[in-house]
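Worksheet for the structure shown next.
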Amino acid sequence: MRILIIDDEESMRHMLTVILKREGYEPSAFADASKALCALEADEFAFILCDIKMPGMDGMRFLKELKAKGRDETVIMMSAYASMDTAIECMKLGAYDYISKPFKSDEIILILKKAEERERLKKENRRLRAEAEAEYGGRSIITKDARMQEEMALIRKVADYSTTVLITGESGTGKELAARAIHYSGLRALEPFVAVNCGAIPEDLLESELFGHVKGAFTGADRNKAGLFQEADRGTIFLDEVGELPVDLQVKLLRALQEREIRRVGDTKSIKIDARVVAATIRDLRQEIKEGRFREDLFYRLNVIEIKMPPLRRRPVDIEPLALHFIGKYARKFGKPVKNLSNEALDAILCYTWPGNVRELENVIERAMILEESDTIGKNALPIMDKRLGEAAFPVADEEISIKKAEDALERGLIKRALEKTNNNRTKAAELLEISHRALLYKIKSYGL
Ligand SMILES: Nc1ncnc2c1ncn2[C@@H]1O[C@H](COP(=O)(O)OP(=O)(O)OP(=O)(O)O)[C@@H](O)[C@H]1O
Ligand SMILES: [Mg+2]
């Protein structure tokens with residue numbers, strides 16, 4: 001590791017050179033700060049040890065010029081007069097530390113070791129951030145669907161802001177994945193991402209879980225406890241299933257969002273919190289509002305940006321790439337050389353409705369990867385998937401790729417399912433199908449149902 005030494009005193013340069021060499025560093029010493037600046041243009045140094053008081057360019061000016069060039073080497077100042085003020089001034093200008101002369105060799109080595117550790121952590125942080133971005137920063141969200149891609153673009157756009165985001169979509173559509181993508185591709189990536197399932201925590205514990213409590217707030221509260229909002233400070237709190245939040249907590253959440261501060265259970269004062277809120281729900285909150293179960297004011301606070309995750313059946317182009325993605329994932333995990341699906345198996349997954357969305361597809365592939373013994377997943381490794389699109393499978397044979405026929409098959413199947421589901425109540429079936437009652441009657445007749 002190369003170290004640049006700048007000191008006008010010959011004996012200092014000599015001593016430092018000896019000590020540093022002994023520790024395995026590669027020192028280069030300069031008596032003149034402006035010459036050292038030139039040397040920096042040509043060479044790279046991990047650390048710079050710089051005297052403060054020197055004739056010509058002094059340590060402070062050297063530091064200023066270095067920073068003006070946008071360099072970020074770790075600089076440690078050395079000050080013979082123990083002139084704290086100048087040293088502190090230098091730290092403000094961006095020096096990492098200072099040491100007052102005279103010092104023992106151990107002291108300077110200790111500072112260098114600390115600086116090395118800091119460098120290591122900085123690098124590690126950069127690496128972690130790059131990794132987190134690769135893992136969640138949108139790139140791991142597989143989609144070829146135009147609408148989903150629009151949602152992904154929106155995720156990238158909002159990531160760097162602290163705006164509240166509401167993610168809606170059916171179970172298994174990737175809401176949590178989207179929330180992580182927002183966190184890990186934004187400026188808060190290295191701060192905590194705290195996920196809370198509002199529906200899974202008992203109601204009477206939820207407030208204290210979210211906001212914390214002080215000692216004696218209730219029986220069993222034998223000490224102060226920070227809440228999840230506080231844990232997520234500077235990072236992101238993911239309020240999953242926010243539609244399950246009881247109304248009194250909705251009021252408290254609204255206040256937290258508006259005031260950017262929280263109050264622990266049993267506490268009289270508030271605490272400032274800087275946590276970005278991302279919420280998700282499978283419920284239709286607009287409907288919940290109408291039925292008085294969700295507060296409208298909170299809804300508008302949460303819904304500043306809405307990300308809508310479409311169900312898998314609305315983006316059939318995603319089924320194959322997702323399946324291949326999961327095959328790759330589990331091939332690595334299980335150490336199995338499975339690479340693909342047979343045509344038959346592909347047809348089967350393409351015709352299925354995937355009520356459990358991407359999660360269900362992932363589970364089906366995981367299971368098939370365990371069962372399959374060849375390098376291609378065959379139909380036998382798949383479970384019986386009977387909620388097929390349409391009653392008959394799509395006419396997928398080469399000679400029968402008529403869109404008209406496929407649509408008819410699909411429509412007929414959906415009508416049949418709607419009638420089954422509603423016990424032949426045609427009014428309700430028409431509602432489910434989102435077509436008029438008359439259109440339904442006409443279609444029932446023409447499909448001979
Ligand atoms: N587009 C995608 N690309 C890759 N993996 C995905 C995608 N969408 C979802 N997944 C994976 O599917 C699984 C389910 O996703 P996730 O947990 O985000 O869904 P969810 O909407 O939060 O579901 P729930 O409402 O049931 O909690 C996860 O393992 C996730 O990694
Ligand atoms: Mg989820």
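Values quoted throughout were computed directly from the atomic coordinates according to the rules given, and no laboratory measurement underlies them. Owing to the predicted nature of the structure, the values given are computational and were not obtained by experimental measurement. Here the Cβ is made from the backbone with ideal geometry for all residues, glycine too, and neighbour counts use every protein chain on show.
Annotations
- Note on S342, S79: ascending count of other Cβ atoms within 10 Å places them as S342, S79, the fewest first.
- Within the range 1-87, the trypsin sites (Lys or Arg not before Pro) that combine a DSSP coil assignment with at most 14 other C-beta atoms in a 10 angstrom radius are K69.
- Remark on the range 249-292: Rg and Dmax equal 13.2, 36 Å (Cα only).
- Listed values for the range 95-102 are Karplus-derived 3J(HN,Hα) couplings in whole Hz (6.51 cos²θ - 1.76 cosθ + 1.60, θ = phi - 60°), namely 5, 7, 6, 9, 9, 9, 7, x, and x replaces Gly and Pro.
- With coordinates expressed along the principal axes, the C-alpha atoms belonging to the range 2-124 extend over 34, 31, 29 Å, beginning with the largest.
- Other-chain or far-sequence residues with amide H under 5 Å of A221's (modelled H): G216
- Fraction of the pair-distance distribution of the range 137-310 above 26 Å, Cα-Cα pairs, percent: 28 percent
- Straight-line cross-link partners of K175 among the lysines, defined as a Cα under 16 Å from its Cα and at least 8 positions apart when in the same chain: K308.
- Under 29 Å of direct C-alpha separation, and excluding same-chain neighbours fewer than eight residues apart, K379 reaches these lysines: K144, K329, K333, K336, K339, K387, K404, K405, K416, K421.
- Cα-based Rg of the range 221-355 normalised by 2.2 N^0.38 Å, two decimals: 1.51
- Using θ = phi - 60° and Karplus 6.51 cos²θ - 1.76 cosθ + 1.60, couplings along the range 260-275 (whole Hz; Gly, Pro as x): 6, 8, 10, 10, 5, 4, x, 9, 9, 10, 9, 10, 5, 10, 10, 10
- Rg/Rh ratio calculated on Cα atoms of the range 157-207 (Kirkwood radius): 1.02
- Over the chain: helical MRE at 222 nm, DSSP H runs n ≥ 4 each giving -39500 (n - 2.57), nearest 500: -15000 deg cm²/dmol
- Free of any GluC sites (Glu not before Pro) that DSSP assigns to a loop and that have at most 12 other C-beta atoms within 10 Å, the longest stretch within the chain is 45-290.
- The chymotrypsin sites (Phe, Trp or Tyr not before Pro) found in the range 50-96 that occupy coil by DSSP, while having at most 16 further C-beta atoms within 10 Å, are Y81.
- The phi torsions of the range 186-198, fed into the Karplus equation with coefficients 6.51, -1.76 and 1.60 and a -60° offset, translate into couplings of x, 6, 8, 3, 8, 8, x, 10, 10, 9, 10, 8, 5 Hz, rounded to whole numbers, with Gly and Pro shown as x.
- Straight-line cross-link partners of K225 among the lysines, defined as a Cα under 20 Å from its Cα and at least 8 positions apart when in the same chain: K215, K252, K269, K272.
- Relative frequency of Cα-Cα separations exceeding 16 Å in the range 63-123, percent: 49 percent
- Taking amide H as placed 1.01 Å from N in the peptide plane, A275 has its amide H under 5 Å from the amide H of R234, each at least 5 places away in sequence or on another chain.
- Cut-off 15 Å between beta-carbons: net charge of the residues surrounding P337, Lys and Arg +1, Asp and Glu -1: +2
- R0 of 56 Å, Cβ-Cβ distance R223-D8: FRET efficiency to nearest 0.05: 0.45
- Residues whose placed amide H lies under 5 Å from that of A195, excluding near-sequence neighbours: F238
- Ranked list, fewest to most other Cβ atoms within 10 Å of each Cβ, for D72, D7, D233: D72, D233, D7
- Alpha-carbon Debye profile of the chain, log10 I(q)/I(0) at 0.06, 0.07, 0.13 Å⁻¹: -0.47, -0.61, -1.15
- FRET efficiency for E231 and A68, using Cβ-Cβ distance with R0 set to 35 Å, rounded to 0.05: 0.30
- Listed from fewest to most Cβ neighbours within 10 Å, the set H213, H325, H183, H14 follows the order H14, H325, H213, H183.
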